[in-house]
Amino acid sequence: MDDGRAGWPETVFAALKAADVRHMSYVPDAGHAALITRMSADPEIATHVLTTEEEGVAIAAGAWLGGVRSVILMQSSGVGNCVNMLSLPAMTRAPLLMLVTMRGEWAEFNPWQAPMSRATQTVLEAMGVRILRADAPEDAAEAVSAAATMAYEADGQVAVLFGQRLLGRKTW
């Protein structure tokens, strides 16, 4: 039975297209898989697979300098890798839009995910990143649209945290 969670990546894709996002950097992640597939299939969007999440911060700043709006997709466990690099957009007032799938929350089976999950929002806020959350399918596109406006129209650094409840229970 579809509980409504399956469609949120498509609504997020539409919100990113409406915001004229033309570049995506990502570390492969099951929570973002449908969005990654959708964005990668769009000939108007350039994509880069990252070896580590902080590379995406520098790439997003470079894209902005080149006149292109970029988004970074990562998992909450990757946020810790970005801490030092988050000074780049903060000091240069470069827009930064991150979409972060949360692990270590609702129905998490892997205890290694819990520590960074508890710290994700605090770490981002400590680095000056504004946080919006989407915990239900109907919140996802609206949160991304608002975050894109805050990032690209106000030169802000914004992360949308997609709660694990939105993503659904992981099964292996």
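The values are calculated or read from the model by the stated rules, or taken from the named source; none is laboratory data. Remember, predicted model here, so these are calculated numbers, not experimental data. Note: ideal-geometry Cβ built from the backbone for every residue, glycine included; neighbour counts use all protein chains shown. Surface accessibility is based on the protein's heavy atoms, side chains included, excluding ligands, DNA and RNA. Shrake-Rupley method; radii C 1.70, N 1.55, O 1.52, S 1.80 Å.
For the chain, what is the mean residue ellipticity at 222 nm derived from helices alone (per DSSP H run of n ≥ 4: -39500 (n - 2.57); sum divided by total residues; nearest 500 deg cm²/dmol)?
Values: 8 runs with 75 residues, N = 172.
It lands at -12500 deg cm²/dmol.
What trypsin sites (Lys or Arg not before Pro) does segment 75-157 have in DSSP loop regions with at most 16 other beta carbons within 10 Å?
Within segment 75-157, the qualifying trypsin sites (Lys or Arg not before Pro) (loop, at most 16 other Cβ atoms within 10 Å) are ARG93.
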Query raised in the report: Across the Cα atoms of the chain, what radius of gyration and what greatest pairwise Cα-Cα distance (Dmax) are found, in Å?
Result: 14.7, 47
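Grab the beta carbon distance between ALA154 and ALA41, set R0 = 30 Å, and tell me the FRET efficiency rounded to 0.05.
Once the sixth-power term is evaluated, E becomes 0.50.
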Report task. Can you check what the net charge comes to around ILE72, using other residues whose Cβ is under 11 Å from the Cβ of ILE72 (Lys, Arg +1; Asp, Glu -1)? Result -> -3
Report summary line: Rounded to a whole %, the carbon-and-sulfur portion of the accessible area of the chain at a 1.4 Å probe is 55
Query - Gain upon complete extension [VAL83, GLU125; 0.36 nm per residue less C-alpha separation] - result: 14.1 nm
Query - Restricting segment 22-59 to GluC sites (Glu not before Pro) in coil, as DSSP defines it, with at most 15 other Cβ within 10 Å - result: GLU44
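Near VAL27, within a Cβ-to-Cβ distance under 12 Å, what is the net charge of the other residues, with Lys and Arg +1 and Asp and Glu -1? Could you put the intermediate results ahead of the total?
On the way: positive: none; negative: ASP29, GLU53, GLU54, GLU55.
Overall, the nearby charge balance is -4.
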Query - Solvent exposure of the chain as accessible area per residue, Å², 1.4 Å probe - result: 47
